[in-house]
Structures are given as C-alpha cells and as structure tokens.
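Take a look at the structure below.
The values are calculated or read from the model by the stated rules, or taken from the named source; none is laboratory data. This one's a predicted model, so the numbers in the text were calculated from it and none came from an experiment. Glycine gets a Cβ as well: all are built from the backbone with ideal geometry, and neighbour counts include every protein chain shown.
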Amino acid sequence: MSVQVMVNGIPGNMGRIVAETCVARGLELVPYSLTGEIIVENEAEVAGKTIQLLKPSNREARIGEVLAKYPNMICIDYTHPTAVNDNAAFYVKHKIPFVMGTTGGDREALAKLVADANHPSVIAPNMAKQIVAFQMMIEFLAKEFPTAFEGYKLSVVESHQKTKADTSGTARAVVGTFQKMGFDYTPDDIEKVRNEKEQMERMHVPEEYLGGHAFHTYSLDSADGTVHFEFQHNVCGRKIYAEGTVDAVNFLADQIAAGTAKPFNMMDVLRSGKMR
Ligand SMILES: NC(=O)C1=CN([C@@H]2O[C@H](COP(=O)(O)OP(=O)(O)OC[C@H]3O[C@@H](n4cnc5c(N)ncnc54)[C@H](OP(=O)(O)O)[C@@H]3O)[C@@H](O)[C@H]2O)C=CC1
Ligand SMILES: O=C(O)C1=N[C@H](C(=O)O)C[C@H](O)C1
C-alpha cells in the first residue's frame, strides 16, 4: 500500500514541488492542503490533482473529514515561519505524523512539543542529503576537535530569493554547532543577501535562479589574517529538498510500521541509509 501524504503550504513554492515529487515517487497525494488565511482560492491544481485548501480558520472543522478518508496519512509542512508552532500543535493534537521542513518559529518549543508527546515526526531546516552530511561533519568537528579553530573569526553569509521571510534556518543551525566550539557568534550576526543585483554580482547566483536559490558561505579566519577556511553550499532550485523530503516520509512510514516512531531529524534519516 502506498504512503498517503498531505502536503501543506500549497500553493507555495516548496508545497508544489514536494507534491509533484511525492507523486513521481509513488506516494499517494491527499487532495487537501493547509494553507494561509489570506489565500483567496479554495482549490489549487497541483501534480495533476485538485487540492482543496484548508485555512487556519476552517481547518479544525474540516480535518475530521480528511482523517476519516486518510486515517494513516503523514503531513509534510512547507508553510511559513509564523505558522510552524501552531501547525505542529495541530498535528500533535490530531495525532498526525509529520515532516516539518518549514524553518523559523520557536525551535525549542517545537522540539519540546514533539518530545513531550513522543510524536512521530522528522524536523529539519534542510532536507538535502549532502547538506545534512555537511551538518554532521561540522557536528563531528565540534565534538572531536572543539579547539581546532580556537582564536579564529567566524563569518556567515547567505543568499536566498528576495521573498524569503526569515534568515536561513540551515545557517542558524550550523551557527549553533559553531557555538559549541566557543565561537562568539549568534544567528543575528548572519549576513542576509536579498538584493537581486548583489545576488548576481557578488554571490554569483545565475539569473534564472534568482527566484529559488540557497547560497551559504561559512568563513573562518585566523586572528592574524594569514589563514582562511571556507565551507560553501550553493543550491539552485528546490528539487534536492523535495527528494530528501520524500526520503524522510518513507523513513517515518517505516518507523511507524515497525512501532518505533518518535521524533527524528534528518541526521537520523541519513544514518538509516534511506536517503537516495
Ligand atoms: N527544510 C528544507 O529543506 C527547506 C525548507 N524550506 C522552508 O520552507 C518554508 C516555505 O518555503 P517556500 O515554499 O519557499 O515559501 P512560500 O512563501 O513560497 O510558500 C509558503 C506557503 O505557505 C502558506 N502559508 C502561510 N501561512 C500558512 C499557514 N498558517 N498554514 C499553512 N500554510 C500557510 C503561504 O500562503 P501565503 O502566501 O498566503 O502566506 C504559501 O502558500 C520556508 O520556511 C523555507 O525556509 C524551503 C526549502 C527547503
Ligand atoms: O527558503 C528557502 O528557500 C530555503 N530554506 C531553508 C533554510 O532556511 O535553511 C533551506 C534552504 O536554505 C532553502
């Protein structure tokens, strides 16, 4: 039996591509989606299906009908940083397993919510396999060689499409790991580039990807300026995250079937060998 998924955040950019990727990889797309209050339409055409859009104001009244038809569905959330905690509380309340790709919100409260309920979930600010591997590499550095870059100066710059609502959740998470190495640097210090001219001229974002890209550079410089390290991940488009999201859904479905589901992150998914 194929896994049933409700993709929330349609008709947004990630919602659309994730829904298409779910269908392409053989998952059953549930024809409902949680959306924002200001969306005027009640339906959207995605992946060859008509998707009914449920707003924060009517989702409580409608979710019973959705769960009656799709009792085993898994939700995928690509909505808005302001919706993260509220949506997660909704999934926990209705006992719906979920994969949360949306960044921002109160991440500590989110982690506490799922931990207290031992709720089946995968939460991560980045679903791209190779970026998750990079995050694990930096975690390894922090654990095994925390003083390797002692005295160095950290700087982080990220560029995303100008419509992005928040600072990169990935950069925030990586900065959290650098903090474990003693760097006096906070997520507020991350430099955001949202000006398209600067994105092309300084960050070298190809023009055709101004509407969807994620460029990150983490620089480490020795105190005397003679040594420079640079870690960079530059993604054009969004396909890589959509593929990782489907991997996360399949992983979570396996855990549920085995009776071992609990809160996970993408590092757990990568470790499982389930990422394509
Ligand atoms: N984990 C990962 O690998 C990745 C994470 N992301 C994250 O995913 C999120 C979405 O990105 P993106 O698709 O580009 O953003 P978009 O703005 O294109 O789409 C977001 C959609 O969510 C809707 N929305 C707003 N509020 C709610 C709500 N309360 N409930 C449900 N839907 C709502 C928006 O509607 P409206 O326009 O009316 O507000 C919009 O349709 C961001 O946080 C982004 O950082 C993105 C890529 C990869
Ligand atoms: O909004 C995006 O586009 C992205 N959001 C995620 C983040 O904030 O880290 C992941 C990736 O950078 C794309």
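When the stretch 216-265 is filtered for residues that are polar (S, T, N, Q) and either more than 14 Å from ligand 2 (Cβ to nearest atom) or surrounded by 21 or more Cβ atoms within 10 Å (Cβ to Cβ) (or both), the ones remaining, listed by number, are S219, S222, T226, T245, N250, Q255, T260.
Determine if the stretch 16-38 includes at least one residue that is within 16 Å of ligand 2 (Cβ to nearest atom), in contact with a Lys or Arg (Cβ under 6 Å, 6 or more places away or on another chain) and either outside any strand (DSSP E or B) or under 19 Å from D166 (Cβ atoms) (or both). Scanning the stretch 16-38 turns up at least one residue that is within 16 Å of ligand 2 (Cβ to nearest atom), in contact with a Lys or Arg (Cβ under 6 Å, 6 or more places away or on another chain) and either outside any strand (DSSP E or B) or under 19 Å from D166 (Cβ atoms) (or both).
Given the options V92, V66, V99, V122, name the one that is of a type in the set (V, I, T), touching a residue at least 60 places away in the same chain (Cβ under 8 Å) and out of contact with any Asp or Glu (no Cβ under 8 Å at 6 or more places or on another chain).
Of the residues listed, the single one that is of a type in the set (V, I, T), touching a residue at least 60 places away in the same chain (Cβ under 8 Å) and out of contact with any Asp or Glu (no Cβ under 8 Å at 6 or more places or on another chain) is V66.
Would you mind stating whether D254 is closer than 30 Å to E150 by Cα, modelled with pLDDT of 95 or more, in a helix (DSSP H, G or I) and not assigned by TED's automatic domain parsing to the domain that holds M137?
Criteria not met by D254.
Report whether or not E207 is of a type in the set (D, E), touching a helix residue (DSSP H, G or I) at 6+ places or on another chain (Cβ under 7 Å), more than 13 Å from ligand 2 (Cβ to nearest atom) and not assigned by TED's automatic domain parsing to the domain that holds F140. The answer is no for E207. The combined condition, being under 18 Å from I74 (Cβ atoms) and at pLDDT 95 or above, is fulfilled by S33.
For first residues located in the stretch 152-173 and under 23 Å from I123 (Cβ atoms) and in a helix (DSSP H, G or I), partners that are small (G, A, S) and within 8 Å of ligand 1 (Cβ to nearest atom) and lie 6+ apart or on another chain with Cβ distances below 8 Å form the pairs G169/G104; T170/A214.
Return the residues of the stretch 185-195 that are within 16 Å of ligand 1 (Cβ to nearest atom) and either closer than 18 Å to G211 by Cα or modelled with pLDDT under 95 (or both); say none if nothing qualifies. Answer for the stretch 185-195, where residues must be within 16 Å of ligand 1 (Cβ to nearest atom) and either closer than 18 Å to G211 by Cα or modelled with pLDDT under 95 (or both): K192, V193, R194. When G182, G104 are checked against the criterion of being at pLDDT 95 or above, more than 13 Å from ligand 2 (Cβ to nearest atom) and part of a loop (DSSP other than H, G, I, E, B), G182 stands alone in meeting it.
From (1) within 16 Å of K95 (Cβ to Cβ); (2) in contact (Cβ under 8 Å) with a residue 24 or more places away in the chain, pick out the condition that doesn't hold for V7. It fails just one condition, (1).
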